[in-house]
Structure formats: C-alpha cells, structure tokens
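S.K.: Okay, handing you the structure first.
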Amino acid sequence: MLTLVSFVVTLGILIAVHEYGHYRVAVACGIKVLKFSIGFGKPVYTWRLKNKSTEFSIGMLPLGGYVKMLDEREAPVDPAERHLAFNTQPLKSRAAVVAAGPLANLLLAVLLYSVVNWTGLQEPKAVLASPVAGSLAERAGLNGRETVQQAAFEGQELETVRSFEDLRWRMTQGALNGRDLQLVLGDGPSTRARTVVLPLSKIDAAEADAQLFRKIGILGPWTQPVIGEIMKGSAAQKAGLQAGDVVQRINETAIIDGQQLRETIRGSARSSGGNEDAVAPQTWQVLRAGRPVVLGVTPQVTQEGGAAVARIGAYVGAPPEFVTVRYGPLEGLWGGAVRTWEVSALTLKMMGKMVIGEASLKNLSGPLTIADYAGKSVAMGWTSYLVFLALVSVSLGVLNLLPLPVLDGGHLMYYLWEWITGRGVPDAWMDRLQRGGVAILLGMMCIALFNDVTRLVG
C-alpha cells in the first residue's frame, strides 16, 4: 500500500508541476486555457476558480496530464476570441508555452535539492572500505579505512568531499564520462594526507550498476567487521557465532572491515570450486566482549546469478558512521542548481550512449521501478524521498525536451524549423513525424517495462 500511495503521489506532483508550467506561461502570454487536467480518462473531481474560465480536473488514470488551450486547429473559435487562441500567437510565445512544462520540472528539482541541502541529510562518512581484490582502487594504492577529504577531476580545483554519497556520485560521473578522479586521503588529523588517482577513464562503463562499482573496487563506506543478527539453523549459528562478535581473522587472512569480511566469505566458494554444498571448514578468530575466541566456521554455498557464492546466514558488518550534510541558504541553492545540471547532463549523455550502442538499454526504467523506489525512499525518510523525487523530476524534464515528435521537444523542433524557414511544418510531414514519435515512445516503454519486470523478478 505504501508503494502504491507513494507512486500515485509522486506522479501527481510531477505531472501537476509540469502541466502548471504550461498553464502559467500560457496565461501570461494571453492565451485562453479551457481545461487543466491531472490524469486521463473520466474526471473524478472537477472545479473552477472564481472569475476563471479554466476547468480544473483530476482524471482516473494518473499517468499523465494535459492543458487544453483555445486553438483553431482543434475547434472553431469565435472571431472575438481569435486573439486568445494558441495558434494565433507569435512564435516566441508558443515556444515559451511548450518549453515551460519541462523547465518547471527542472526548477522543481532545483528546489527539492536545495531544500535537502538546507535541512540536512544523514549520509555515510567518506571513509573507504577495503578495495575489491584486483580492482582499479587496489591498483591505485587504496588499502581501506582512508578518509577521502577532497576530490577533483583532471583540470579542476579540489573540492571537499562531504560524504560517501558525494564520492559515489563523483565516481559515477567519472566512469560514465571517462574522466580520472583525483582523491586526497587522510587517515586522521595526525596523518599526513596523500593523493591517489583513480583512472576511471580505463573503465568501459555501459551502465551505472553494482558491477560498475565492483570494477572500480569501492563498494561502500568502511564498517566494523562485526556479526549482526544470525538466522536460525544457519552456518553461523552452527559454528557458535554470536551477534556482536568482531571478526579479526579468517584462517591466515587479517580482517579489517565489514566489506572485506563479506568478500572473504563470498569468495570461499571459489576456493571449493563451487561444486559442494559447503566449503572447507575455516578457523575464525573473533573478539567477544573483549576476549579472543577461536571458532570453526563452514560457510554454505548458494547459487547467485549463475555463480557459486558462500554465505554464513548472518548480517555481516556494522552500520557505517554517518555525518549530517547541510548547506547555507545561497550555497544550498547553488548546490541544488549544480546537482540538477549535473544530473541533466549525465541523463542526456546516457541517452545518447544508449542510442549509439555504447550504453546498455538496461538503464531505462519504467513505472514499476519508479513505484518500487518511491515506496523504498518514503520508508527511508522524507529527505530520501525528496532526493528521489528530484531525480525523477530531472528525468521527466530532460525526456520531454528530447527532439521527439509528440514530446515538448518535438514541438520545439517544429518551431525551430518555422523560425528558420518562415513557415510551419507541412501537415503530411507532421503526420508522419507524429506516427514515428509514437512508435519510438512505445518501443522505449516496452523496453523500460521489460527492465522493470527483470529487476523485480531477479
């Protein structure tokens, strides 16, 4: 129920803002608006504002919306109101009305990111876990437990890294844009800072998924290698492990953090060939209530994505250390604008890469994924939901600005042609382009829905 309600609220907000952008600019340009609708189909609620001719309504299907304006191409117009019709307006006014919807979504994202910046967000501290063995991070000289103090792409000034999420965003940008990332590391106030370079340009990044960060070698922030909740009948329970045990060593391998502990357990299946129900017994040294304890642990082997993975049936690793990331009024507003610009640019770049085949079509997401993430973000707290809402708002704004017929960007493309040639697009060509645009959108929707089902089922 939470997922469904969150999904409907998310779509309602984004659609209302988008259509209000069209409506507000249309009214400002002196165009008569006949109807403002959030959703399609039979209206479930209709109202009019005092001294306004516009009918406002909420439709049964909350998967879109529209603003219906007086237009001679759709119905006869009283000659006395012809100056109020959309089609009789100057080119700049028509273009402004069309562009206002996507721009309203982008402005909403700026506001949402700014509100999050002002109120503060709890995020993991930028302390690195042990790098994945053989990864880019390990080859760059990272060991784990370093604090990332500053970061910059080549040719840019160093900036403070406020949290691990800040670092993750920079790594995503660098990997997808093929740019190396310079990191300034420090283990504490008494330790001299050192600099390493992550050669992210060497990664062939087709999509921003978990495998991308595994290639980089930085999967998460540093956590204490402690055992949490233990499942009944699991390998952990059989071995005598207890919640709160701090793992110090597995066989001859010293364990320094939760990430390394998880990787060591998972990798146990490879040492057994992955053909058995359990790997060879291991000797674990743990710290229990300040006293060392030695236990024999035999992880169980399971299949995950076609590969053998060892598990012990317990929560591994303590929660990371969190910091509150908060900005001042102007800094927060500027940060919101910058983040909106960065997400927009990255979205456009990814769409371009998908068109030319350099990025996976798995990056496309549809309503099922949006609904799933909407519910999860609400459960995590209102600030997480605002960040999610901002991200979807950016995606909606950028998508609608694409030069595809039936989208706002397609209409702007028609107006560009009219501005260059001095005449509108011929009706025959308009019909062909609209049909082509519908076909492309239907194709994108099918791919997105397929990706949704694959993600949720997998």
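The values are calculated or read from the model by the stated rules, or taken from the named source; none is laboratory data. Treat the numbers as computed from the prediction; the structure is a model and nothing was measured. So basically every Cβ, Gly included, is an ideal-geometry build from the backbone, and we count neighbours across all protein chains shown. Quick note on the areas: whole protein, heavy atoms, side chains included, nothing else; ligands and nucleic acids left out. Shrake-Rupley method; radii C 1.70, N 1.55, O 1.52, S 1.80 Å.
S.K.: Quick one: which of G12, G59 is closer than 30 Å to S384 by Cβ, assigned to a strand (DSSP E or B) and touching a Pro at 6+ places or on another chain (Cβ under 7 Å)?
M.R.: Values: G12 fails: assigned to a strand (DSSP E or B).
From the options G12, G59, the qualifying one is G59.
S.K.: Return the pair list, or none, for Cβ contacts closer than 6 Å from residues in segment 216-242 that are assigned to a loop (DSSP other than H, G, I, E, B) to residues that are of a type in the set (S, T, N, Q) and open to solvent by less than 10 Å² (accessible area, probe 1.4 Å), at least 6 apart or on different chains.
M.R.: G217/S135
S.K.: Turning to a different aspect of this structure: For R288, all conditions in the list (1) at pLDDT 90 or above; (2) open to solvent by 80 Å² or more (accessible area, probe 1.4 Å); (3) among the basic types (K, R) hold save one; what is the number of the exception?
M.R.: Evaluating R288 over (1) at pLDDT 90 or above; (2) open to solvent by 80 Å² or more (accessible area, probe 1.4 Å); (3) among the basic types (K, R) leaves (2) as the failure.
S.K.: List pairs: first in segment 138-159 and modelled with pLDDT under 90, second among the aromatic types (F, W, Y), Cβ under 7 Å, 6+ apart or cross-chain?
M.R.: G144/W222; R145/W222
S.K.: Name the residues in segment 291-348 that are closer than 22 Å to Q122 by Cβ, among the aliphatic types (A, V, I, L, M), touching a residue at least 24 places away in the same chain (Cβ under 8 Å) and open to solvent by 30 Å² or more (accessible area, probe 1.4 Å), would you?
M.R.: V323, L333
S.K.: For segment 62-178, please list each of the helices (runs of 4 or more DSSP H) lying entirely inside it that holds at least 1 residues being closer than 30 Å to G267 by Cβ and in contact with a helix residue (DSSP H, G or I) (Cβ under 9 Å, 6 or more places away or on another chain).
M.R.: Output list reads 136-139, 164-177.
S.K.: Which pairs do you get when a residue that is assigned to a helix (DSSP H, G or I), found in segment 261-273, comes within reach of a residue that is at pLDDT 75 or above and exposed (fewer than 14 other Cβ atoms within 10 Å of the Cβ), reach meaning Cβ atoms under 7 angstrom, with the pair 6+ apart or on two chains?
M.R.: Pairs found: T264/T253.
S.K.: While we're on this one: Which one is nearest to the chain's Cα centre (by Cα), of the residues in segment 67-90 that are touching a residue at least 24 places away in the same chain (Cβ under 8 Å) and open to solvent by 80 Å² or more (accessible area, probe 1.4 Å)? Before you say what the answer is, go through the steps one by one.
M.R.: First pass over segment 67-90, keeping only residues touching a residue at least 24 places away in the same chain (Cβ under 8 Å): 67-70, 81, 83-86, 89.
Those left that are additionally open to solvent by 80 Å² or more (accessible area, probe 1.4 Å): 68, 83.
Details: K68: 32, H83: 44 Å.
Ranking the qualifying residues of segment 67-90, first place goes to K68.
For (1) basic (K, R); (2) modelled with pLDDT under 75; (3) open to solvent by less than 70 Å² (accessible area, probe 1.4 Å), each residue gets a yes or a no:
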| residue | (1), (2), (3) |
| --- | --- |
| H411 | no, no, yes |
| W417 | no, no, no |
| A428 | no, no, yes |
| R435 | yes, no, no |
| I440 | no, no, no |
| G443 | no, no, yes |
| C446 | no, no, no |
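Conditions tested, residue by residue: (1) within 21 Å of L399 (Cβ to Cβ); (2) in a strand (DSSP E or B).
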{"residue": "F7", "(1), (2)": "yes, no"}
{"residue": "I31", "(1), (2)": "no, no"}
{"residue": "P43", "(1), (2)": "no, yes"}
{"residue": "S53", "(1), (2)": "no, no"}
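S.K.: Of everything in segment 409-425, what is in contact (Cβ under 8 Å) with a residue 24 or more places away in the chain and within 13 Å of R94 (Cβ to Cβ)? Give them in sequence order.
M.R.: Within segment 409-425, H411, L412, Y415, E418, W419 meet the criteria.
S.K.: Quick one: what pairs do we get from segment 24-44, first residue among the aromatic types (F, W, Y), second surrounded by 14 or more Cβ atoms within 10 Å (Cβ to Cβ) and in a helix (DSSP H, G or I), C-beta under 6 Å, 6+ apart or different chains?
M.R.: F36/Y23
S.K.: Still on this structure, I have one more. Looking at segment 386-398 only, could you name the residues that are out of contact with any strand residue (DSSP E or B) (no Cβ under 8 Å at 6 or more places or on another chain) and either within 20 Å of V9 (Cα to Cα) or surrounded by fewer than 19 Cβ atoms within 10 Å (Cβ to Cβ) (or both)? Outline the logic, then answer.
M.R.: Kept after step one, since they are out of contact with any strand residue (DSSP E or B) (no Cβ under 8 Å at 6 or more places or on another chain), are these residues of segment 386-398: 386, 388-398.
Hits for segment 386-398 are L386, F388, L389, A390, L391, V392, S393, V394, S395, L396, G397.
S.K.: For G120, all conditions in the list (1) out of contact with any Ser or Thr (no Cβ under 6 Å at 6 or more places or on another chain); (2) at pLDDT below 90 hold save one; what is the number of the exception?
M.R.: So G120 meets the others, but not (1).
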